[in-house]
């Protein structure tokens, strides 16, 4: 193949632009990552979620989540206008394969992605008898599977149902906020796979993170605020019927 | 239908099995039996003396088995020692090992040893061969049974019992706290939990000692000391009344407050827990024995009738308290923390956490007790005579 000078002049800037995006996707090398400079959370914009299940599938693939258990899942709420206190909720296979046609007519329907809330005062960390569950200095709740004794007290203590016992490792497991990715400058697998941007990784210590602007201009809530867990999974447009 | 309504997907499978039901049941029997034994020692209730040593040995037999269901339940039992090496200070569960060891070594074993020391020394002199070797080891080299030494034993035993009573309260109140402090679960989360657990522990412990005393007397063809069983049954009756009142207070409070979890819990009590909670725990395991025991307090019944009533009431009590533990542990996991659905508990038969394991673990303390009774006869009529005394030697049984 022969490339003329003219073609080269066109290709070079294109390659430069492409190289720039390649570099953007290259993980930051871990030694540059300073734990104390970050405080991780996540923003979920309910009005943007279309219930495609991409996030659940991406999470399962990225983290090798055993079949039938979920580090993240998507719920579909159907709230009728006559019975606000009793929503009808479903999440077939955690929403992994999307959802069947709508449950009922009338009322409102919306999707609620769920996962570990990475609570600042997490009850699961509190109850772990050996300290296998811990919070990193950058605000992520993790489980040391080499240390977990598999007593399942943390599973009982989580108000959000985010934990399970991995049947293979026989240790407690849950969302790690893709710690192996975010410490290298990448976003989480679920955020990356979300086609509508309904999930956004948020670094609350980074003044340039768009989360600050978003929190200033929107009405954002957390799940079960009365549990006082310091949840860092922020929901925009959260309906009062969501549990 | 295993799931009704909506459960969070990770909630469908129960995290805690029947083995975790056994754990508070067994520790409850330990604490209850010990508290009964301490009545004689500290409060000098002479009438219950025939059950004193039996109660202590019962407590020990059950205490030795208490950690087994927990150990079998762990995903990594080989790492359980980490709870001793690197306990997590904010975890209620991390304290289990320490509370357990304190109770086993500092209270129960020490008290039993001091109480039996004279017998052990005498038996080590009287027996031969391997038996003699066992008793000599059990003396721990302390063979002085002079009057002065025995007085010191008695004094030390008294002090240990004094320490033992709050320790028994701690042991079982702590188990209640493990559940009562889980704020995520409204079925458990209650400051009443340690108190309810404690009184139900006393009820079950008193019932098991009452039954064991009556059974062993029948088995040994000895007459039952009616003054003793009447007193023990009276304690059972009063403790049961307190326990029932506390549980009803908790129930009435929940019904009247009717918070967001109430509809979910109410539904469960009327459906999935109806048999185990309403029929077995409340009617059969609480109201029936309370009623039967009340009869013995109100009416002048013959000895034979009283014995039969005590046997039936005691057995129903043990079933009722087991049902109570079941309803707490299993019941607390049958509903979703979203309050939108219910799941089902499936128990395997031959499995690590199956029914067979649970049955074996329930019977194991009785086997241990049998060995302990052979080794250290708890019967007042079997105490070995002092050397040189004219009293005829009894065979141990």
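The values are calculated or read from the model by the stated rules, or taken from the named source; none is laboratory data. Here the structure is a predicted model, which means the values were calculated and not measured. Cβ atoms come from the backbone with ideal geometry, glycine included; neighbour counts cover every protein chain shown.
Worth a mention:
- Test result for residue B:207, under 17 Å from the mean Cα position of the chain (by Cα), within 30 Å of residue B:61 (Cα to Cα), more than 14 Å from every other protein chain (Cβ to nearest Cβ) and buried (at least 17 other Cβ atoms within 10 Å of the Cβ): yes
- Conditions (1) more than 21 Å from the chain's Cα centre (by Cα); (2) assigned to a helix (DSSP H, G or I); number of the one not met by residue B:288: (1)
- Residue A:94 meets the stated requirement of being within 11 Å of chain B (Cβ to nearest Cβ) and either without any contact (Cβ under 8 Å) to a residue 60 or more places away in the chain or buried (at least 19 other Cβ atoms within 10 Å of the Cβ) (or both).
- Across the range A:99-119, a minimum of one residue is classified as within 12 Å of chain B (Cβ to nearest Cβ) and at pLDDT below 95.
- Residue A:127 fulfils the conditions (1) within 14 Å of another protein chain (Cβ to nearest Cβ); (2) surrounded by fewer than 18 Cβ atoms within 10 Å (Cβ to Cβ); (3) over 23 Å from residue A:44 (Cβ atoms) except for a single criterion, (2).
- Of A:190, A:154, all but one fail to be buried (at least 19 other Cβ atoms within 10 Å of the Cβ), touching a helix residue (DSSP H, G or I) at 6+ places or on another chain (Cβ under 9 Å) and within 14 Å of another protein chain (Cβ to nearest Cβ); the exception is A:154.
- Checking each residue of the range B:85-102 against the condition of being out of contact with any helix residue (DSSP H, G or I) (no Cβ under 6 Å at 6 or more places or on another chain), part of a helix (DSSP H, G or I), within 24 Å of residue B:211 (Cα to Cα) and away from chain A (no Cβ under 14 Å) gives no match.
- Those residues of the range B:345-361 which are modelled with pLDDT of 95 or more, surrounded by fewer than 17 Cβ atoms within 10 Å (Cβ to Cβ) and under 18 Å from residue B:327 (Cβ atoms), in sequence order: B:355
- Candidates are the residues of the range B:83-107 that are closer than 27 Å to residue B:58 by Cα and loosely packed, with under 14 Cβ neighbours inside 10 Å; the one that is farthest from the chain's Cα centre (by Cα) is B:84.
- One residue stands out in the range A:138-151 among those that are within 14 Å of another protein chain (Cβ to nearest Cβ) and assigned to a loop (DSSP other than H, G, I, E, B): the one that is nearest to residue B:20 (Cα to Cα), namely A:151.
- Sole residue being away from chain A (no Cβ under 14 Å), touching a residue at least 12 places away in the same chain (Cβ under 8 Å), farther than 30 Å from residue B:263 by Cα and out of contact with any helix residue (DSSP H, G or I) (no Cβ under 8 Å at 6 or more places or on another chain), chosen from B:151, B:227, B:234, B:220: B:220
- Leading residue by the ranking (farthest from the other protein chains (Cβ to nearest Cβ)) among those in the range B:57-82 that are crowded, with 22+ Cβ neighbours inside 10 Å and over 23 Å from residue B:164 (Cβ atoms): B:69
- Residues being assigned to a loop (DSSP other than H, G, I, E, B) and away from chain A (no Cβ under 14 Å) - total across the range B:156-194: 3
- Sole residue being over 23 Å from residue B:203 (Cα atoms) and part of a loop (DSSP other than H, G, I, E, B), chosen from B:272, B:263, B:254: B:272
- Qualifying residues in the range B:1-20 (those that are surrounded by fewer than 23 Cβ atoms within 10 Å (Cβ to Cβ) and more than 19 Å from residue A:166 (Cβ to Cβ)) - the one nearest to the other protein chains (Cβ to nearest Cβ): B:6
- Restricting B:297, B:333, B:277, B:281 to those that are within 14 Å of another protein chain (Cβ to nearest Cβ) and within 27 Å of the chain's Cα centre (by Cα) reduces the list to B:333.
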